[in-house]
Amino acid sequence: MMERIPEPELMNEEEQAKAYAFADFSAAHNSFVDLFREKFPDIHPAFNDVVLDLGCGPCDVTRRFAIAYPDAGFHAVDGAFEMLKHAQHLNQRQGFIPRIKLIEGSIPGVTFPQQQYHAIISNSLLHHLSDPVVLWQTIQQYAKPFAHIFIMDLVRPVDEQTVKFLANEYAVNEPDILKSDFENSLRAAFTVDEVRQQLNETDLTNLNVEQVSDRHMIIYGII
Ligand SMILES: C[S@@+](CC[C@H](N)C(=O)[O-])C[C@H]1O[C@@H](n2cnc3c(N)ncnc32)[C@H](O)[C@@H]1O
């Protein structure tokens, strides 16, 4: 089994953030929303609470979520100013400014506008964290009783050969910077067993961990 190779937490390089903001993540990001719907059929499309999105980047997932749940509001958090710059621009261009509030800050340590949330989502943040426990502790701290938690992230492949195979399969037409980002993210990702271990250590064992594709897992449940 390949050892984890962490990558820098924040995506604050101008060129990297731009390439990420303009990449086409529609397949993975639509499946994020579809899987949320499938796992939480009790959340009505007219759900009108505020959703906390951790590590929102350019808010592509947030906007897709906002379309699926047209009455929901969003607090979208990221530590990288370069990413939030694109989020602000894209949210404005697509008319989401009234519904998506951007918050610049890194977890742990950032203060959110609300003390508790009914739904917390996060896509592709976990593998960026040098200490993954901070994500689980943030969720513990900010979840309302019976909050809906839905996290998606990459699964670390077994070996370098599989990293290259996946990069060829899913990032071959992307700019070089994005392709190498994807490879580094796969190397920095956790395995399903490691995530289960993290949940054990933080008393979040009622969250489910499920591998949903050759490169993604979801961690979800009501806490
Ligand atoms: C791979 S991007 C995912 C962005 C977005 N969720 C998406 O799916 O398109 C990871 C984001 O997490 C942010 N990030 C990394 N560590 C963070 C931390 N400790 N606190 C807040 N944001 C962080 C990075 O700056 C980056 O924008």
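The values are calculated or read from the model by the stated rules, or taken from the named source; none is laboratory data. Remember, predicted model here, so these are calculated numbers, not experimental data. Note that we place each Cβ from the backbone using ideal geometry, even for glycine, and neighbour counts take in every protein chain shown. The area values use the complete protein model at the heavy-atom level, side chains included, leaving out ligands, DNA and RNA. Shrake-Rupley method; radii C 1.70, N 1.55, O 1.52, S 1.80 Å.
Annotations for the structure displayed:
- Filter result for Thr162 (assigned to a helix (DSSP H, G or I) and open to solvent by 30 Å² or more (accessible area, probe 1.4 Å)): yes
- Evaluation of Glu201 against the conditions (1) of a type in the set (D, E, K, R); (2) open to solvent by 60 Å² or more (accessible area, probe 1.4 Å); (3) more than 24 Å from Gly79 (Cβ to Cβ) shows that the sole unmet condition is (3).
- Any hit, the range 178-198, residues being in contact (Cβ under 8 Å) with a residue 40 or more places away in the chain and open to solvent by 70 Å² or more (accessible area, probe 1.4 Å): no
- Residue check, Phe112 surrounded by fewer than 22 Cβ atoms within 10 Å (Cβ to Cβ), of a type in the set (A, V, I, L, M, F, W, C) and within 23 Å of Asp203 (Cα to Cα): yes
- Applying the criterion of being over 16 Å from the mean Cα position of the chain (by Cα) and among the charged types (D, E, K, R) to the residues of the range 191-223, the residue that is nearest to Phe146 (Cα to Cα) is Asp203.
- Residues of the range 136-159 satisfying the condition of being of a type in the set (D, E, K, R) and in contact with a helix residue (DSSP H, G or I) (Cβ under 8 Å, 6 or more places away or on another chain): Asp153, Arg156
- First in the range 1-24 and closer than 16 Å to Leu154 by Cα, second anywhere and of a type in the set (Val, Ile, Thr), Cβ under 8 Å, 6 or more apart: Met1/Val158; Met1/Thr191; Met2/Val158; Met2/Val163
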